[in-house]
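Take a look at the following structure, please.
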Amino acid sequence: MDVRGDATPRRENAAMPQMSDDAFRRVVEYAPSAMVLVDDQGMIVLVNEQTERLFGYPRAELIGCSVDMLVPFATRAHHADFRRSFLSSPSPRPMGGGRDLFACRADGSEFPVEIGLNPMDTGNGVMVLASIVDITERRRAQQVLEQALLEKTVLLNEVHHRVKNNLQVISSLLNLQANNVGDSRVRDILNESQNRVRAMALTHQLLYERKDFSRMDLGDYLDRLAQLLRGTYRSGSNGVELQLERPEQPVYLDLERAIPCGLMVNELVTNAFKHAFPDQRRGDITITLSGDSQRLTLAVRDDGVGLPENFDFEAVKSLGLQLVPLLIDQLHGELQILPGGGAHYRITFPAALSIRGTP
C-alpha cells in the first residue's frame, strides 16, 4: 500500500540522538533484523538496510514519516495509544504482551512479526529503537509441526482403541470357553487368564480416554482395576472387601511399566481372593499406593490365613505367583514380604526411568 500521499507531515530534519554516532549507526545498519528508530512523536528517525528489504520501502520514503505506515490499517488507530503507554513507563521488552503482531509492507501485504522495544534517553527526548523480525517461516514451520503432532495423536489414539478392542475380544473368547468347560480347575485357569487380558486392556482404555500417551495416573488405573477384580470375585467371596488407598495428588507412571504394574497387582489380589479366605471367611484386601518424586511404593496386604512357612516365590507352582518376580523386575523394583497377620507384599520402584529401559 502506497502511503506517500499520507497527510502526516514529514520531518526530514528530525534530530538524531546524541550518539557516538558512527558506532551506533554501524550497529544499527549491520544488525541482522530490521531496526527502526522512532522519536517520542512516532516519527521514524533512522532505519537500516534490513528494514528496506523487509518492508519494501526505500529509506528516503521512511525517514521523517509516521511509524504507523508500517502498521496494518486495522490496528493503526490504536497504535498511538500503545506507543504512549510504552513511553509512560519505558523499559526494554517485547511488544505485544502475548498478542499476535503483524506489520504491513509497501504493497499492502501483512506478515507476522516479533518486535523488541528498547527505549533510548537522548538529548531530544526518549526515542525507541524497535527490532523487527519476520516470523512467517517460523509460523509456517510451527503449523507443519502442529499438524504432524495432531496426525500422530490421532494415530496413537486409534492404535490404543484398536488394541483395547482386540484385547476385549480375547477376553470374551476366554469367558465363552470358560463357560463351556466342565473341569472347574481349567475354568479357573481360563478366568485368571481373562483377568490378565482385562488388566492389559484397561491400560489402553485409560490411554484412549485421557489422550495422554506418555504416562498414566497410576491411582486411576488401580481404582479401575480394583473395580474389575471386585466384579470378578463378588459371587464367590461375598465376605471379602477390596479397598484402595491412594494419594490425593496424581501419581504418574510411564507407559512402559504401567502394564507390568497392573498385572502384578492383579496376580497378588487374585491370589488373596483365592487362598487367603477359605471356608467363606470374611476379611479385607487392601491396595496401597504412596511415594514421592523419586520412588513409589505399592503394597498389597490381606488379613487372611497368611502365607505358608518359609514361603518362596521361586518355589511356588502357581503361574500367577511365578509371574510376580518377573513383573517386579520389569518395574526395576524390589519386593519385601512383611511379617504379621495375613500376607503383606510391599514393592518399591523408581518413579521414573532416567534412561529408557535402564534403572
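The values are calculated or read from the model by the stated rules, or taken from the named source; none is laboratory data. Since we're looking at a predicted model, the values are computed, not measured. Heads up, the Cβs are rebuilt from the backbone with ideal geometry, glycines too, and the neighbour counts pull from every protein chain shown.
Tell me, yes or no, whether the range 298-320 has at least one residue that is in contact (Cβ under 8 Å) with a residue 60 or more places away in the chain, part of a helix (DSSP H, G or I), in contact with a Gly (Cβ under 6 Å, 6 or more places away or on another chain) and not assigned by TED's automatic domain parsing to the domain that holds V186.
No: the range 298-320 contains no residue that is in contact (Cβ under 8 Å) with a residue 60 or more places away in the chain, part of a helix (DSSP H, G or I), in contact with a Gly (Cβ under 6 Å, 6 or more places away or on another chain) and not assigned by TED's automatic domain parsing to the domain that holds V186.
Taking L222 as the residue in question, decide whether it is in contact with a Cys (Cβ under 9 Å, 6 or more places away or on another chain) and at negative phi.
So L222 fits the description; yes.
Out of all the residues in the range 138-164, which are within 15 Å of S214 (Cβ to Cβ) and touching a helix residue (DSSP H, G or I) at 6+ places or on another chain (Cβ under 7 Å)?
Selection gives N157, H160.
Restricted to the range 235-258, and to residues that are surrounded by fewer than 20 Cβ atoms within 10 Å (Cβ to Cβ) and part of a helix (DSSP H, G or I), which residue is modelled with the highest pLDDT?
E256
Is it the case, given these coordinates, that D107 is in a strand (DSSP E or B), surrounded by fewer than 16 Cβ atoms within 10 Å (Cβ to Cβ) and not β-branched (V, I, T)?
no
Next up: Pull up the range 134-180, narrow it to residues that are of a type in the set (S, T, Y) and at pLDDT 85 or above, then point me to the one that is surrounded by the fewest Cβ atoms within 10 Å (Cβ to Cβ).
Only one residue fits best here, namely T136.
Can you pull out the residues in the range 333-354 that are outside any strand (DSSP E or B) and over 29 Å from L190 (Cα atoms)?
Across the range 333-354, the qualifying residues are L338, P339, G340, G341, A351, A352, L353, S354.
Return yes or no: is M200 within 30 Å of E110 (Cα to Cα), in contact (Cβ under 8 Å) with a residue 60 or more places away in the chain and buried (at least 19 other Cβ atoms within 10 Å of the Cβ)?
Against the criterion (within 30 Å of E110 (Cα to Cα), in contact (Cβ under 8 Å) with a residue 60 or more places away in the chain and buried (at least 19 other Cβ atoms within 10 Å of the Cβ)), M200 does not qualify.
Restricting to the range 129-145, count the residues that are more than 20 Å from Y30 (Cβ to Cβ) and either part of a strand (DSSP E or B) or more than 26 Å from the chain's Cα centre (by Cα) (or both).
Here the count works out to 1.
Another question, if that's okay. Exactly one condition in (1) surrounded by fewer than 21 Cβ atoms within 10 Å (Cβ to Cβ); (2) closer than 27 Å to F213 by Cα; (3) out of contact with any Pro (no Cβ under 8 Å at 6 or more places or on another chain); (4) not small (G, A, S) is false for I287; which is it?
Checking I287 against (1) surrounded by fewer than 21 Cβ atoms within 10 Å (Cβ to Cβ); (2) closer than 27 Å to F213 by Cα; (3) out of contact with any Pro (no Cβ under 8 Å at 6 or more places or on another chain); (4) not small (G, A, S), the one that fails is (1).
Next question. Name every residue in the range 110-126 that is modelled with pLDDT of 90 or more and either loosely packed, with under 14 Cβ neighbours inside 10 Å or of a type outside the set (G, A, S) (or both), in order of residue number.
Hits for the range 110-126 are E110, F111, P112, V113, E114, I115, L117, N118, P119.
Provide a single number: the residues in the range 165-190 that are assigned to a loop (DSSP other than H, G, I, E, B) and of a type in the set (D, E, K, R).
1
Here's another thing I want to ask about it. Select from the range 272-294 the residues that are of a type in the set (K, R) and either touching a Gly at 6+ places or on another chain (Cβ under 8 Å) or under 15 Å from D220 (Cα atoms) (or both) and list them in ascending order.
R281, R282 - these are the residues of the range 272-294 that are of a type in the set (K, R) and either touching a Gly at 6+ places or on another chain (Cβ under 8 Å) or under 15 Å from D220 (Cα atoms) (or both).
What tally of residues in the range 292-312 results from selecting those that are surrounded by 12 or more Cβ atoms within 10 Å (Cβ to Cβ) and either on the phi < 0 side of the Ramachandran plot or in contact with a helix residue (DSSP H, G or I) (Cβ under 9 Å, 6 or more places away or on another chain) (or both)?
Qualifying residue count for the region: 13.
Out of the residues in the range 19-46 that are buried (at least 21 other Cβ atoms within 10 Å of the Cβ) and within 20 Å of T136 (Cβ to Cβ), state the one that is nearest to the chain's Cα centre (by Cα).
A34
Would you tally the residues in the range 57-92 being surrounded by 14 or more Cβ atoms within 10 Å (Cβ to Cβ) and over 20 Å from R138 (Cβ atoms)?
Going through the range 57-92 one residue at a time, the tally reaches 20.
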